[in-house]
Amino acid sequence: MDSSRDRTPSAQETFAQMAQAAGLRGRILLTVGMLILIRLGMFLPLPGIDRAAFGQSIQNSPLIGFLNVFSGGGIAALGIFALGILPYINASIILQLLTSALPALENLQKNEGEAGRRKISQITRYVSLGWAIVQSVGIAVWVRPYAENWGPLFITQTVLALTAGSMFVMWVGELITERGIGNGASLLIFVNIVSSLPTSVGQTLELAQSGDRSVVSGVVMLLVVFLVMIVGIVFVQEGSRRIPIISARRQVGRRTYMERNSYLPLRLNQGGVMPIIFASAVLVLPITLAQFTKNDLAIQVANYLSPNGTAPWVHAGLYLLLILFFSYFYASLVVNPVDMSQNLKKMGASIPGIRPGKATSDYIERVLNRLTFLGAIFLGMVAIVPTAVEGATNVRTFQGIGATSLLILVGVAIDTAKQVQTYVISQRYEGMVKQ
């Protein structure tokens, strides 16, 4: 297939390469096979538990509903893969936070190169194992009222099964990253979220077939809002501020390299989906505690914090403030203006009109703060608008596919498409070399 090596491969060329190129085809088949295997494992049941009674007890739990989105229904089904990739995701977040706080981990990440990154990956695996054991023990104690023979043997069997299942899912995620099409952990969460779409779509179609005009118009409005949000998420996920950079003239031997212009990209949404996840977790926790404690004060507070409670505007306001706070918090972890300024100085590059050193770091920080504010406002809109439309139209069939799910679905889809395009371009170069 004749094609220019400088342009992005078209959709037709990408699908042709997926069908013809053995290397890419093998990666895609491995990825699809592993994802199917994980979905099947979600429904291999843990022994000795009354699932009917357990299912009724968690039917209205907001925390279980929140976790079920990322486990693909595994927690509600109590399968051996119930924990899924959650311990690994939690461990990755913990290591990311500790890397900024502990100089030893920061040194491993910045100065030790590939060996340091491998060591951090190994530490992440150990933290995932410990976290999986803690969560498994919690689940074993939690299901005590529904266990047939609860005791040390039941706890041991449950912890071993759930921990082994979580470690297997983690291994599959790394296998997809290395030998599949990449983004293993993200693809596992993507598939778990997509698995709930057929049920939501089926319930929506049944609701629309009722013949009630208000219901039909509500369904149409909700679908339009979701489509607009998806388009907006694509633009924001791909959006960035390009700060121009001029590299100084350099002389290597007898050759003189002239000044060249480039740019420093700063993403509009540095934290991705993490601010919404953190904000949702903070708001869900009091509601869950109120359900367990049955305390009057806790129930009253939870009623104010619930989106369907007596004061939904309180929930919306707190949600926005938490998203704003975690957006700035996560952006400060991901981007360090002082390090950027130092790296530019080492490379002999500078921003036009800005002095190197502290002036450069201050300028980058100002730009970053403005971008983070705009990104946080957009995240708040994505988080609140679909819920508000669901409340106004009284169509709640897509309640599980919220803002967090939309961001993950769109973000993973964009990253995976780019990854496949990268493999297509590499196949194109390999073909040119062979010729």
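The values are calculated or read from the model by the stated rules, or taken from the named source; none is laboratory data. Remember, predicted model here, so these are calculated numbers, not experimental data. For neighbour counting, all protein chains shown are included, and Cβ atoms are generated from backbone atoms with ideal geometry for every residue, glycine included.
Remarks
- Remark: pairs (first residue in region 21-39, exposed (fewer than 14 other Cβ atoms within 10 Å of the Cβ); second residue at pLDDT below 85; Cβ separation under 8 Å; 6+ apart in sequence or on different chains) = Gly23/Tyr423; Gly23/Gln427; Arg25/Met18; Arg25/Ala19.
- Restricting region 102-113 to residues that are loosely packed, with under 12 Cβ neighbours inside 10 Å and at pLDDT 75 or above, the residue that is nearest to Tyr330 (Cα to Cα): Pro103
- Checking the stated criteria, Ile133 turns out not to satisfy the condition of being in contact with a Leu (Cβ under 8 Å, 6 or more places away or on another chain) and β-branched (Val, Ile, Thr).
- Qualifying residue in region 211-220 (condition: over 30 Å from Thr416 (Cβ atoms), out of contact with any Lys or Arg (no Cβ under 7 Å at 6 or more places or on another chain), among the basic types (Lys, Arg) and not assigned by TED's automatic domain parsing to the domain that holds Leu406): no
- With respect to (1) under 17 Å from Thr387 (Cα atoms); (2) at pLDDT 80 or above, the lone exception for Phe329 is condition (1).
- Qualifying residue in region 347-364 (condition: more than 16 Å from Pro244 (Cβ to Cβ), more than 33 Å from the chain's Cα centre (by Cα) and in a helix (DSSP H, G or I)): yes
- Residues of region 224-244 that are part of a helix (DSSP H, G or I), over 16 Å from Thr204 (Cβ atoms) and not aliphatic (A, V, I, L, M): Gly232, Phe235, Gln237, Glu238.
- Count - residues of region 302-326 that are at pLDDT 75 or above, out of contact with any Leu (no Cβ under 6 Å at 6 or more places or on another chain) and either crowded, with 18+ Cβ neighbours inside 10 Å or outside the structural domain of Leu264 (by TED's automatic domain parsing) (or both): 5
- Qualifying residue in region 166-182 (condition: modelled with pLDDT under 80, buried (at least 19 other Cβ atoms within 10 Å of the Cβ) and of a type outside the set (Lys, Arg)): yes
- Residues that are surrounded by 18 or more Cβ atoms within 10 Å (Cβ to Cβ) and of a type in the set (Gly, Ala, Ser) within region 114-153 comprise Ser128, Ala132, Ser136, Ala140, Ala147, listed in sequence order.
- In region 113-142, the residues that are touching a residue at least 24 places away in the same chain (Cβ under 8 Å) reach residues that are among the aromatic types (Phe, Trp, Tyr) with C-beta atoms within less than 7 angstrom, at least six apart or across chains, in these pairs: Ser128/Tyr88.
- Checking each residue in region 133-153 for being under 24 Å from the mean Cα position of the chain (by Cα) and either modelled with pLDDT of 90 or more or over 17 Å from Gly84 (Cβ atoms) (or both) picks out only Ile133.
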